[in-house]
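Student: Take this structure first; my questions come after.
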Amino acid sequence: MTDSATLDDEALLVQQIRSGDRNALGEVYDRHAPVALAVALRIVADRGQAEDLVHDAFVTAWQKIDRFDPARGSLRSWIVAIVRNRAIDRLRANRPSMEIGEADDRSLLQTGPNPTWDDALARLGGAQLRAAVAELPTEQRDAVELAYFGGHTYREIATLTGVPLGTATSRLRLALARLREELRQSDAAPASARAGDDR
Amino acid sequence: MSDEMTHESIDELAGAFALGAMSADEAAAVRAHLATCDQPHAELREAFPAGDVLAASLEPVTPSPDLRDRLMGSIERIPPVAHPSAEPVKPPWPRPGWFDWISPRVARPLAVAAVVAAIAVGAWNVSLRSDLDHRDAALRAVAAAIGNGQTAFRVDGTAGRGYVVDTPGVGAALVVADLKALPADKLYELWLLDAAGTPVAVGTFTDTSGAVAVLPVEKDLSGYATFAVTVEAKRVDAPTTTPVMVGDLTGKSS
């Protein structure tokens, strides 16, 4: 997503999918499958399983496009959330799916644009986003990765890393605050500083 | 973590909540707090999209060439979802406007009972009124079956009202109350229609002696847009009369 024209284009694709246009879903797949597969592969660490998850997520998108609400986030965010939640479910079969819950969370919290994150996603490339994550202190980055890609709760993270619960929650909280600040500064950087965009 | 969360504890958990790093119970407690709280909880709100950034920070991975073909082949077999903004799908006859939904608290136990009874009895044309033991047994079985996730859709019309309940992999069941009796030379025939309106016959029945009837449907509801019941002289491959009951399978389930 780079500009409003692209967002309008995405809205059109969503409308086309809702009208039963399978080619529109193919276009969405072409755009977002590589990120979705990256997330799935990072979580389950198995190429075959990861591709199955991506396949199933796009089938779900086809079947449940009426549940997609652009006010809650982009189409890519929605698809990635489906992939991520299913991958976590597969990783930890005894953990209930959070697909619906996350959507509800967003509806509770969404009160308007979130400039820092939205701008970062719109303007920065994957290399810059990786660099911003890499700038986090090791213990904060580890906590975030255990949570988002490992599907661990903060209680589990506390146990795994040998710290009190309060420390685990603080690391997650501080990591996101710091990441947000990193991205804010990146947003302010000139375009010439955003070399190596690989998205 | 207590279910009673304070503003401070909510904020402390902002990162964990945003990244889905909480137990289901704890996340539910946070949602319950947010649903009634008049505080802005700005940190939580600002933290929430972080997952999108983490996903986008990964090096994209090109899928195998055949994955796209597999996906397109899969969705080729799945009708699109009807949506209010999409071109409406027209059934081969006018649809009555009865598709309101009663309380899921009532609908789901009734629907699940229907499935349980239909499977347990394993026969057509079961009258539950004539055998209250069967009905009671079905209702008792509901206690164990509720939560299995079956999907129920309202069915309504001039002949009666009830629910059609999906049990993927097994079939489905129609549970209908106060069904009108038919002349001896007529039968009820059940239909599933896809989004294009193409009907598939999925069963017949004649016994309407009970206040509540449970009727197995020969196919599960996946991929179909409409359920209908017509009155026919014999089992036929396409309906010859206007439906006496219709259910919209594309709307929300009970």
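Student: If you take each beta carbon of peptide A:61-74 and count the beta carbons of other chains within 10 angstrom, what is the mean?
Tutor: 3
Student: For a quick check: with amide H placed at 1.01 Å from N, whose amide H comes under 5 Å from B:V217's, ignoring anything fewer than 5 positions away on the same chain?
Tutor: Amide H to amide H, under 5 Å and 5 or more residues apart or across chains, B:V217 pairs with B:A172, B:A173, B:L174.
Student: Order A:159-172, B:13-26, B:232-245 from most to least packed using the mean count of other Cβ atoms within 10 Å.
Tutor: B:13-26, A:159-172, B:232-245
Student: Quickly rank B:180-189, A:10-19 as a protection proxy: mean count of other C-beta atoms within 10 Å, highest first.
Tutor: Top of the packing list down: A:10-19, B:180-189.
Student: To the nearest 0.05, what FRET efficiency results for A:A71 and B:A233 with a Förster distance of 45 Å applied to their C-beta separation?
Tutor: 0.25
Student: Let me ask something additional. Let me know the mean shielding of A:152-158 by other chains, meaning the per-residue number of their Cβ atoms within 10 Å of its Cβ.
Tutor: 5
Student: Quick one: which residues, 5 or more positions from B:T204 or on another chain, have an amide H under 5 Å from its amide H? H modelled 1.01 Å from N in the peptide plane, none for Pro or chain starts.
Tutor: Here B:L190 satisfy the definition.
Throughout, read-outs are computed from the coordinates displayed, never taken from laboratory work. Worth saying up front: this structure is predicted, and the values here are computed from it rather than measured. FYI the Cβ positions are ideal-geometry reconstructions off the backbone, even for glycines, and counts take in every protein chain you see.
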